[in-house]
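Asks: Okay, here's the structure, questions in a sec.
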Amino acid sequence: MGTKRIDVDFAEFYASARDDCLRAVMASTGDREASEDFVAEAFARAWASWRKVGRHPAPSAWVVRTALNLRVSSWRRSKHAAALDDQDALRAADRTNLGPVDPEIMAALMALPERQRQVIALRIFLDMDTAGTAKALGIAPGTVTAHLARAVAVLRAQFSPHSPAERQ
């Protein structure tokens with residue numbers, strides 16, 4: 001593959017995947033600025049290894065996973081994690097301009113455990129299947145299914161127009 005073809009392939013990939021990758025990382029982190037930094041670094045790494053990454057079955061999942069790994073590395077270096085309370089999550093969601101992600105939904109996502117947010121980000125925002133999500137996160141497919149089911153149950157209970165007693 002020639003250098004020009006690599007440039008074109010990567011440019012097309014970047015243009016088509018950037019927003020989805022950013023939304024997926026944003027859904028996991030809740031911090032737009034940090035997500036932009038992590039995604040930019042992940043795309044830079046993808047560019048540097050495009051011959052390999054371009055052959056990956058889901059290059060956008062590779063970028064998201066790399067961005068999430070960068071987040072973990074950043075957290076480890078700083079030796080602390082800043083947990084968002086509900087109001088901080090709403091303010092962070094209000095600062096986003098990522099399209100159809102409602103601030104209430106973003107706040108609800110931020111209230112989920114991190115692994116559940118990651119599964120939601122890959123399964124919902126990137127429309128990946130269970131096997132691809134499991135591979136990207138380095139967990140078993142059954143674990144992906146369990147995390148997704150738990151997250152959906154929490155979100156459904158929070159956003160359902162009727163209480164469980166009213167549905168019976």
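Laboratory data are not the source of any read-out in this text; all were calculated from the coordinates shown. Note that the structure is a prediction, hence the values are computed from the model and not measured. Quick reminder, even Gly has a Cβ in these numbers, built from the backbone with ideal geometry, and neighbours come from all protein chains shown.
Asks: How far apart, in nanometres, would the label points at ASP37 and ILE124 be if each is projected 7 angstrom from Cα along the Cα-to-Cβ direction?
Replies: Output for this residue pair reads 2.6 nm.
Asks: Further, regarding this structure: What distance in nm lies between label points placed 7 Å from Cα along the C-beta direction at ALA11 and ARG156?
Replies: About 4.6 nm separates the two model spin labels.
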